[in-house]
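Novice: Quick one: the structure is below, and I'll ask about it shortly.
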Amino acid sequence: MRRLICAGNWKMHKTASEAAAFVDAFLPVAQAVPDHVEIVLCPPFTALAAVSPKLKAGRVHLGEQDVHWENSGAFTGAVSAPMLREYGVHYVLVGHSERREYFGDTDLTVRLKTAAALGAGLTPIVAVGDTLELRDAGKTLQHVTLQTRAALEGLSEAGLERVVTYVLEAQERKGRDGAP
């Protein structure tokens, strides 16, 4: 049976203290979620230290919003999979539409990030999606299929079984708060 995952991507919201207070309030509510639903919270990197101890050994898992494909190196501002593991991160978002649109993530970097996450024992949540232009042109399925194949190319069967995919439709992005 497919596992159900409910993941909350906090984007660039909540300071470390706000994130800790949110988790304190959220954990009792999360207990009402059925056991077959896995809950993942993806705060900003700056809040991992505040949130991680609150989620250890609980039913809510810690995720992160991005990862670099290298384990170390001169990549200012980037965060590696081993760094995330030290914080107790289990999941990492890869290929989110905002990373593709505003930070230049490509199919190749999504593939590299997916492989890096798997190599470090993290579960990648690979996001694929369309744009309004593609949707209007009737090319959503073709585009999403190409993105998915590119992200998963070369992965072992065991790796493929650990990947979570998420399709973000253009309609969901329409009217986002803070979108340029």
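Novice: Identify the trypsin sites (Lys or Arg not before Pro) of the stretch 1-46 meeting these criteria: DSSP loop state and at most 13 other C-beta atoms within 10 Å of the C-beta.
Specialist: Within the stretch 1-46, the qualifying trypsin sites (Lys or Arg not before Pro) (loop, at most 13 other Cβ atoms within 10 Å) are Arg2, Arg3.
Novice: Let me ask something else. Would you mind calculating the relative contact order of the chain from Cα pairs under 8 angstrom and at least 6 residues apart, reporting the percent as a whole number?
Specialist: 16 percent
Novice: For Cα pairs less than 8 Å apart in space and 6+ apart in sequence, what is the mean separation divided by the residue count of the stretch 46-148, i.e. the relative contact order in percent?
Specialist: Over the stretch 46-148, the number comes to 25 percent.
Novice: If you don't mind, another one. Considering only Asp107, Asp136, Asp66, give the residue with the highest GNM mean-square fluctuation for the chain, with springs between Cα atoms whenever their separation is below 10 Å.
Specialist: Taking springs between Cα atoms under 10 Å, the residue moving most is Asp136.
Novice: Return the Rg/Rh value of the stretch 1-45, two decimal places, where both radii are evaluated on C-alpha atoms and Rh is the Kirkwood radius.
Specialist: Value, to two decimals: 1.02.
Novice: In the chain, carbon and sulfur make up what percent of the accessible area (probe 1.4 Å)?
Specialist: Carbon and sulfur together cover 57 percent of it.
Novice: Output the Cα-based Rg and Dmax of the stretch 38-130 in Å, rounding Rg to one decimal and Dmax to a whole number.
Specialist: Cα radius of gyration and Dmax of the stretch 38-130 are 12.6, 36 Å respectively.
Novice: Please give the per residue accessible area of the chain, computed with a probe of 1.4 Å over protein heavy atoms only, in Å².
Specialist: Ligands and nucleic acids excluded, the figure is 57 Å² per residue.
Novice: Please build a GNM for the chain, connecting alpha carbons under 10 Å apart, and tell me which residue among Gly63, Gly95, Gly159 fluctuates the most.
Specialist: Gly159
Novice: Here is a follow-up. Measuring from a point 7 Å past the Cα of Ile5 along Cα-to-C-beta, which residues in the stretch 69-98 have an amide N at less than 13 Å?
Specialist: Residues 90-96 qualify, since their backbone N sits under 13 Å from the label point.
Novice: Here's another thing I want to ask about it. What residues of the stretch 96-119 lie in the reach of a label at His90, counting those whose backbone N is under 16 Å from a point 7 Å from the Cα along Cα→Cβ?
Specialist: Of the residues in the stretch 96-119, 118 have backbone N under 16 Å from the label point off His90.
Novice: What does the charge add up to near Phe75, with Lys and Arg as +1, Asp and Glu as -1, over the other residues with Cβ less than 13 Å from its Cβ?
Specialist: Residues near Phe75 contribute -1 overall.
Novice: Here's a follow-up. Restricting to Cα pairs below 8 Å that are 6+ residues apart, what does the relative contact order work out to for the stretch 15-73? Please round to a whole percent.
Specialist: Relative contact order, the stretch 15-73: 41 percent.
Novice: Along each of its three principal axes, how wide is the spread of alpha-carbon positions in the chain, in whole angstrom units, largest first?
Specialist: That works out to 45, 38, 36 Å along the principal axes.
The values are calculated or read from the model by the stated rules, or taken from the named source; none is laboratory data. Bear in mind that the values here come from a model prediction, so they are computed numbers and not experimental data. Note: ideal-geometry Cβ built from the backbone for every residue, glycine included; neighbour counts use all protein chains shown. Heavy atoms of the whole protein, side chains included, go into the accessibility calculation; ligands, DNA and RNA do not. Shrake-Rupley method; radii C 1.70, N 1.55, O 1.52, S 1.80 Å.
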